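In what follows, a single structure is set out as structure tokens and then discussed.
The values are calculated or read from the model by the stated rules, or taken from the named source; none is laboratory data. Here the structure is a predicted model, which is why all the values come from computation and not from measurement. Cβ atoms come from the backbone with ideal geometry, glycine included; neighbour counts cover every protein chain shown. For the accessible areas, the whole protein counts, side chains as well, though only heavy atoms, and no ligand, DNA or RNA atoms are used. Shrake-Rupley method; radii C 1.70, N 1.55, O 1.52, S 1.80 Å.
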Amino acid sequence: MAVLAVFAFTSCEDFLDSANYTEANTGNFPASPDDLNKELAALYGVMNQFSTNPLQTPWFVNYIMSDDANGAGGTGDVESHAIGHLTSNKENLFDDAWHNTYVGIARANAIIAAVDAFNWTGQEKTRNQLLGEAYFMRGLFYLWGTQFWGDIPAYWDAAAPDPCPQQDAETVIFPHILADFVSASELMSHGATTFGDGHATKGAAEGYLGRAYLFYEGFYKKAGEMATANPEAVELPEQEGVTGALTKQKVVEYLKDAIDNSGYKLVEDFRLLWQYTNELTAPGYSYVKDLADQGKFWAGNGNSEEMFQVQYMNAGSWDGNIAMGFTNQTSLYCGLRCDDDGAGNKNGDANTLPFGQGWGQGTVNANLWDDWSDADPRKKATILDAQTECKKFVFTTSCSEDAGYYNKKWMPITCDSTNFADFNIAYTWWGVWRQNYDKSLANKNGNSFQGEHYADMVLLRLADVMLMHTELTGDATEMNKVRARVNLPAISYSWKAIKDERRFELACEGLRFNDLRRWSGRNGGTGCEAAVALQRQEGSRVNYTGRWPTMHHATSGWAARYAATDGFIMIPPAQIAITADETLLKQNPGWGSSVSDANISGTPIY
């Protein structure tokens, strides 16, 4: 995964001998189909590059920007507060996100351009799978890029043109995104890869096609309720696997194929999706002891419901260009706020088992807890009410925007390690497992609390695909299968019902913000659904350094900031300065030095 993508970034001087006799470059690499597999590994590795800083990842940034989460963290964590308030605190806030997006695009383009330089006779299925994965990843990076920044520089050849101007996301980039997911869906075959091996699959491509199509039609075309909408067919660019325009019915067929034929299936119990049901933790955690008593434990990484994910492994270190990207740093960020309450009491020890300490960022907004019925079992499976569920949870002297609600799906998980030598309660269950059950897994980073987090970052689940099918068709069958999994009664389809179902089934997974955007449509103003939902954070209860004020926006208001930006983040000013030409690259509305409510200088004080 750490193979360098030198094929995407090379340069030479005319007066030098540019032949490279020892290292791979665009002149000698790829030289064989096997080299393309190395390039593909490097392409997937970009997601680990993203993972080195969760506050530059699409999943964590979109989660914090939603109405269901607060930036939180410590009083000095201005970056997370700025993101949560749809503002900025520094010019390089999203520099790494921009860089990694284009590294991914460059690597995918290089594979697509090079694939037919080799003879694939007798290996056509292998060739198509590899090409399909490259198309999938290019579509993914462009989807993330356009949802982050809107109109961005874009190209689809082996090398970027110079200059590479901004393209219109609606009319140019999104048809290419949809085409990439169609190509991936057509080129790959069900069963061509092993579930959980880190590779994209045909089912994942079909699911992401649905996600991209819903955003395109909802946000850009303002289609409204998709079950009753009759959108025009989308004309797609010509490329392998694409035949004709993309219709709503065709997207429905792709989703149905993913549901029925991909081999993915819902995990039996919703709680088994999350690592707090692992076999070291579950027996001592009363909330899931019923599962442990039946011998049922965490479904694990790469389980039957995970359709696409970022994978991690025991290779993280504090050095190197990817550094801690091989551990799930989002988990660390979402842990119980470290430090103590001023009296020496701290989180992350035996008093908060099985939830470990971390930076306390991305806490759950109190409104989600209040809006969610206790009759829905997913509520307590998703949200930790730390004050009630932990033996002794404390609000620390450095906490901010913390209502005592945490994201169980992403939190670090501990276990009672008192029976294991040389371990204390702060170790994650992964550290205990590594030391006592698989000693071949050496501790690479020397810090279990910060470095031993290996749960997949799940980006697409089958339940999501099933709900997209219901949203497009108005047929509640698939939605009710998702509800039946948690013993909720079947209900009839309505637009409100599917919106609520997505909010609760997929809560705290980083999808809510873009759902709100597509349900609102572009240029929705302060009265659109997204703006109204975000503004409800004003006045919500939070703890700030041990006292209970209410939360207020850092500058103008969430609705005002959403209306000004349409949910797009700031294009890195350094990139704009490089071009120094607004016809090539200009800043998004709602940002820039002349916008008074775009920037915060410090932590909001409550």
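In segment 256-279, is there at least one residue being more than 25 Å from R485 (Cα to Cα), out of contact with any strand residue (DSSP E or B) (no Cβ under 8 Å at 6 or more places or on another chain), open to solvent by 10 Å² or more (accessible area, probe 1.4 Å) and of a type in the set (D, E, K, R)? Checked against the condition, which is being more than 25 Å from R485 (Cα to Cα), out of contact with any strand residue (DSSP E or B) (no Cβ under 8 Å at 6 or more places or on another chain), open to solvent by 10 Å² or more (accessible area, probe 1.4 Å) and of a type in the set (D, E, K, R), segment 256-279 yields no hits at all.
Confirm whether S540 is polar (S, T, N, Q), free of Cβ contacts under 8 Å to residues at least 40 places away in the same chain, out of contact with any Leu (no Cβ under 7 Å at 6 or more places or on another chain) and more than 17 Å from A223 (Cβ to Cβ). No, not satisfied. Only one entry in K250, K289, K265, K256 is under 21 Å from L506 (Cβ atoms) and outside any loop (DSSP other than H, G, I, E, B), namely K256.
Based on what the data block shows, is L336 touching a strand residue (DSSP E or B) at 6+ places or on another chain (Cβ under 6 Å) and among the aliphatic types (A, V, I, L, M)? Against the criterion (touching a strand residue (DSSP E or B) at 6+ places or on another chain (Cβ under 6 Å) and among the aliphatic types (A, V, I, L, M)), L336 qualifies.
If you filter segment 476-510 down to residues that are free of Cβ contacts under 8 Å to residues at least 60 places away in the same chain and part of a loop (DSSP other than H, G, I, E, B), you find that the one that is farthest from L291 (Cα to Cα) is S494.
The set of residues in segment 84-135 being more than 18 Å from the chain's Cα centre (by Cα), of a type in the set (A, V, I, L, M, F, W, C), within 23 Å of V182 (Cβ to Cβ) and open to solvent by less than 50 Å² (accessible area, probe 1.4 Å) consists of A106, A108, A110, I111, I112, A114, V115, W120, L130, L131, A134. When D95, D157, D162, D151 are checked against the criterion of being under 30 Å from D581 (Cβ atoms) and touching an Asp or Glu at 6+ places or on another chain (Cβ under 9 Å), D151 stands alone in meeting it. Taken together, the residues in segment 548-558 that are open to solvent by 10 Å² or more (accessible area, probe 1.4 Å) and either hydrophobic (A, V, I, L, M, F, W, C) or part of a loop (DSSP other than H, G, I, E, B) (or both) amount to 7. Candidates in segment 336-366 are the residues that are within 12 Å of K392 (Cα to Cα) and in a helix (DSSP H, G or I); of these, the one that is modelled with the lowest pLDDT is A350. Taking segment 290-306, which residues are closer than 16 Å to K265 by Cβ and not basic (K, R)? Across segment 290-306, the qualifying residues are A299, G300, G302, N303, S304, E305, E306. Hey, among the residues in segment 576-601 that are open to solvent by less than 60 Å² (accessible area, probe 1.4 Å) and not in a loop (DSSP other than H, G, I, E, B), which one's modelled with the highest pLDDT? Selected residue: I576.
Filtered by the rule that a residue be modelled with pLDDT under 85, touching a Phe, Trp or Tyr at 6+ places or on another chain (Cβ under 8 Å), open to solvent by less than 50 Å² (accessible area, probe 1.4 Å) and outside any helix (DSSP H, G or I), segment 402-457 gives S417, A426, N445.
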